[in-house]
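Scroll down for the structure; my scribbles are underneath it.
The values are calculated or read from the model by the stated rules, or taken from the named source; none is laboratory data. Here the structure is a predicted model, which is why all the values come from computation and not from measurement. Reconstructed Cβ throughout: ideal geometry from the backbone, glycine too, with neighbour counts over all protein chains shown. Ligands, DNA and RNA are excluded from the accessible area calculation, which covers all protein heavy atoms including side chains. Shrake-Rupley method; radii C 1.70, N 1.55, O 1.52, S 1.80 Å.
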Amino acid sequence: MKCSRIKRKLSAFLDGETSEAENRFIAEHLKSCERCHKELEELSQVSGVLNVMDEVRVSPFFITRLKQRIADQKSKNVVRIPLMEWIKRAALPAFATALVFLSFLGGSNLGKAIYQEQTESIMTSDTEIVEVLDFATLDEFPEGSLGWAYNNLLVGGE
Amino acid sequence: MHSGTSKPVCDTALDTIRDYEYNRTNMNSHTSEYDSDAELIQQVAKGNENAFEQLVKKYQHAVFNTIYRSIGNYEDVEDVAQEIFIKVWHKAKTFKGKSKFSTWLYRIVVNHCLNYRSKHKQRLVSLDELVEREKMPQSLVVEVDHEQRRKAEIVRKALNELPERQRIALVLSRYEGRTYKEIAEMMGVSVSSVESLIFRAKASLKEKLLQLKGNGKI
C-alpha cells in the first residue's frame with residue numbers, strides 16, 4: 001500500500017474504524033515510514049485539540065417550553081380548521097347517505113311498479129281463462145273442479 | 001441548616017442541579033442503548049406525554065450539544081432542538097424499529113442541522129464576534145475558566161469553517177462517539193463516504209489548529 005493510501009486510512013485507524021488486517025498493515029508500515037508516522041502524530045494532536053470544546057447545558061425549562069409549543073400548535077390546528085375544510089370532510093359521508101337514501105327510494109318505486117304489473121297480468125289471465133272456457137265469471141265453475149279450486153284460492157275460500 | 005421557609009427555593013435549586021447532573025451523566029449513554037427506547041417511542045406514537053418527556057430528558061443534552069457544534073451558535077440551539085423534538089412527537093408513528101431509536105433521532109438532528117445551514121447561510125465568525133460571544137448568557141454554557149473558553153471558541157471557529165457535511169460527520173464521531181456505520185445511517189451515505197468526510201475534516205483542521213498550537217494560541 002502506498003503512503004498516500006496509508007495516510008487516508010490514518011484517521012480511521014485512530015478512530016478504531018479499520019479492520020484487523022488493515023491495522024496490522026498500517027502498524028507495519030509505520031515502523032518504516034517516518035512521514036506517515038509524523039502524520040499520525042499530527043492527527044493525534046488534532047484529536048487532542050478537539051477535546052478543548054465547550055458544551056451547552058439544557059435550560060431546566062426546556063421541556064416546559066417544548067410542551068407549551070406543542071400545545072400551542074394543537075390549539076392553533078383546532079381553531080384553524082376552516083369552513084371549507086369541514087365541508088370537504090362532511091361531503092363524502094353526506095354523499096354516501098344520499099346515495100343510500102336514493103337507492104332505497106328507487107328500489108321502493110321499482111317494487112311498486114313490478115307489483116302493479118304482476119297484478120294486472122293475473123287479472124288479464126283470469127279474463128282469458130274465462131273467455132276460453134266460456135263461463136261468464138270464475139264463480140260459474142262447477143264445485144270441486146280445478147277452476148273452482150283456483151277461484152277459491154283467489155278469493156281466499158276454503 | 002436551612003429554615004423551613006427557604007426549603008422550596010433549595011428544592012428547586014437542588015432539582016436543577018440534579019437535572020443538570022442527570023443530563024451530564026447521560027450525555028454519552030447512547031453506547032448502551034436501552035431496550036425501553038423502542039417501548040417509549042411506541043407509547044409516544046399513542047400520544048403518551050410522559051413517555052415523550054422521558055425520551056426528551058434522556059436525549060436532550062446530547063441533542064443540544066450536537067446542534068450547538070453543528071450550527072455554531074448559542075442563540076438558535078433551543079429553537080432547533082424544539083423543532084427536532086416536535087418532529088419526534090408528530091412522526092413517532094412512522095418509527096418502524098428497523099434501526100435504533102437514537103439513529104432515527106439523529107437522522108432528524110442531521111437533517112435539521114443541514115437545513116439550518118442552508119437557511120441561514122452561516123457567516124464566518126470574526127474576531128469581534130468572538131469577543132461579543134464572551135458576553136453570551138453564561139447560564140447556557142457549562143462553566144469553564146476563561147482561558148479554556150477562549151481556546152474552545154477557536155476550536156469551534158475552526159469547526160465552523162469546515163464544509164457542513166464534514167463538520168457534522170466529525171461532530172458525530174468525535175463528540176458523540178458514533179461509529180462510522182452509525183453516522184452513515186444517520187447521514188444517508190456509505191461508510192466509505194463517512195471515512196472520507198472525516199479524513200478531509202481532520203486534514204483541514206490539522207492545518208489550522210496545529211499552526212495556532214505552534215503559535216501558543218491554543
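Here are some notes:
- Think of chain A as having a plus end and a minus end, set by charges on the Cβ of Lys, Arg, Asp and Glu; of A:Leu30, A:Ser145, A:Ala12, A:Leu30 sits farthest toward the positive end of this dipole.
- Positive contributions from Lys and Arg (+1) and negative ones from Asp and Glu (-1), summed over other residues with Cβ under 11 Å from the Cβ of B:His90, come out at +3.
- Inter-label distance for A:Ser44 and A:Glu85, nm, one decimal - labels placed 7 Å from Cα along Cα-to-Cβ: 6.1 nm
- Contact surface A-B: accessible area buried, both sides summed, square angstrom, 1.4 angstrom probe: 4500 Å²
- Surface calculation, 1.4 Å probe, protein heavy atoms: A:Met123 sits at approximately 120 Å² accessible.
- When the alpha carbon coordinates of the stretch B:45-101 are projected onto the principal axes, the ranges are 34, 23, 17 Å, largest first.
- The shape of chain A can be summarised by an equivalent ellipsoid whose semi-axes, obtained from the alpha carbon gyration tensor, come to 104, 32, 13 Å from longest to shortest.
- For chain A, the solvent-accessible area works out to 73 Å² per residue, with a probe of 1.4 Å and every protein chain left in place.
- Accessible-area ranking of A:Thr18, B:Thr179, largest first, probe 1.4 Å: B:Thr179, A:Thr18
- Between A:Glu140 and A:Phe101, the FRET efficiency estimated from the beta carbon spacing at R0 = 56 angstrom works out to 0.65.
- Sum of -39500 (n - 2.57) over DSSP H runs of 4+, divided by residues of chain A (222 nm, nearest 500): -26500 deg cm²/dmol
- In terms of accessible area, using a 1.4 Å probe and ignoring ligands and nucleic acids, B:Arg149, B:Arg69 rank largest first as B:Arg149, B:Arg69.
- The figure for A:Thr97 is an accessible area of roughly 90 square angstrom, using a 1.4 Å probe on the protein chains alone.
- Sites B:Glu49 and B:Asn111 - FRET efficiency at Förster radius 22 Å, r taken between beta-carbons, to 0.05: 0.35
- Cα long-axis angle, helix A:20-32 against chain A (0 to 90 degrees, to the nearest 10): 20 degrees
- A:Phe61, B:Phe85, reordered so the largest accessible area comes first (probe 1.4 Å): A:Phe61, B:Phe85
- For chain A, cysteines whose Cβ has no other cysteine Cβ within reach (under 4.7 Å): A:Cys3
- A 1.4 Å probe, protein heavy atoms only, puts the accessible area of A:Glu128 near 100 Å².
- Whole-percent carbon and sulfur share, accessible surface of the stretch B:147-218, 1.4 Å: 49 percent
- For the residue pairs A:Lys67/B:Lys46; A:Lys76/B:Lys93; B:Lys57/B:Lys151; A:Lys9/B:Lys58; A:Lys88/B:Lys91, alpha carbon separations beyond 27 Å are given by B:Lys57/B:Lys151; A:Lys9/B:Lys58.
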